[in-house]
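A short write-up of the structure that comes next.
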Amino acid sequence: MEGGLASSLWTDVEALRRLARSQRAARGTPLAPDRKAPAGAFPPFPQLPQIDLHAMELTQRLASGDFCDYFLLDRSELAIVMGDVSGKGIPAAVLRGVTRSVLRQIASGSISPGSTLARLNRILCEADLGSMFLTLFLGQYKLSSGLLRYANAGHPLPLRIGSKGGIEPFGEVTGPILGILDSRVYADREEWLAVEDRLVLLTDGVTEARNRAGDFFAPRGLLECLATHAGASPASICAGLRAGVLAFQGKRAQDDATVLVLQRRL
């Protein structure tokens, strides 16, 4: 099964690499600061009493390589995903889309986030993607207890906004980036979210947004923006980060930027 998935992945990516080279439309245009961010291909946000969840995406081309997803593994557990595919445009978007499909298939049958990432990494390595790779955070959130079991394949650390407004890095990187080296182990880690804690997952298009002087949005701009919206809903935090990034970088945007915020309510 994994060999078949790898073969399909390789075929899809190669076909769209050729398409990206041959069609002018595939190059897209930068996102102007006064233009509304596209809604993205997010499924409906889950209406669950235990959590509030929202996400937003800013794309710099017609297609994004940022990878954001969430889905129920069963009635008691929610998977949350944030990743970033190397490169831009249609090739990155296709790898993102196929990876999303493969990840959903294998996550439902895996016993842990780490085993899911190890299997996904083998599939990507078998596909021989050349210089393409991706970073990815995969969490399995227990709705009844607030326990988040996660594995992090080289992705920027999430941030936790505590119920009293404190902001701190969440967790650690537990393995290398995906798609480069086979036979890698991805460790699992566990942390609890307290009631009213907010977990902020993001891609480096947020942290590495630059202004005219070449300064990065993170850490100062990011922390100031989050502090301003610390007590707000996930939707308001996403909107605040969107506005903050666009105001900071102006027309200098170079990368896609995606944010997902999960708040524990019960």
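Only aspartates and glutamates eight or more places from K251 in sequence, or on another chain, were considered; those with a Cα closer than 12 Å are D34.
Net charge of the neighbourhood of I237, taken over other residues with C-beta under 15 Å away and scored Lys/Arg +1, Asp/Glu -1, is 0. Put simply, the amide H of T203, placed in the peptide plane, has neighbours under 5 Å in T258, leaving out anything fewer than 5 places away on its chain. Couplings for segment 213-226, taken from phi via the Karplus curve 6.51 cos²θ - 1.76 cosθ + 1.60 with θ = phi - 60°, read 7, x, 6, 7, 5, 9, x, 5, x, 5, 5, 5, 5, 5 Hz in order; Gly and Pro are left as x.
Residues whose amide H comes within less than 5 Å of that of D66, counting only those at least five positions distant or on another chain, are V85 (H built at 1.01 Å from N in the peptide plane).
Once the chain from S108 to Q254 is taken as fully extended at 0.36 nm per residue, the excess over their C-alpha distance is 49.1 nm.
We did not get these values from a lab; they are worked out from the coordinates using the rules stated. All values reported here derive from a predicted model rather than from experimental measurement. Positions of Cβ are backbone-derived with ideal geometry, glycine not excepted, and every protein chain shown enters the neighbour counts.
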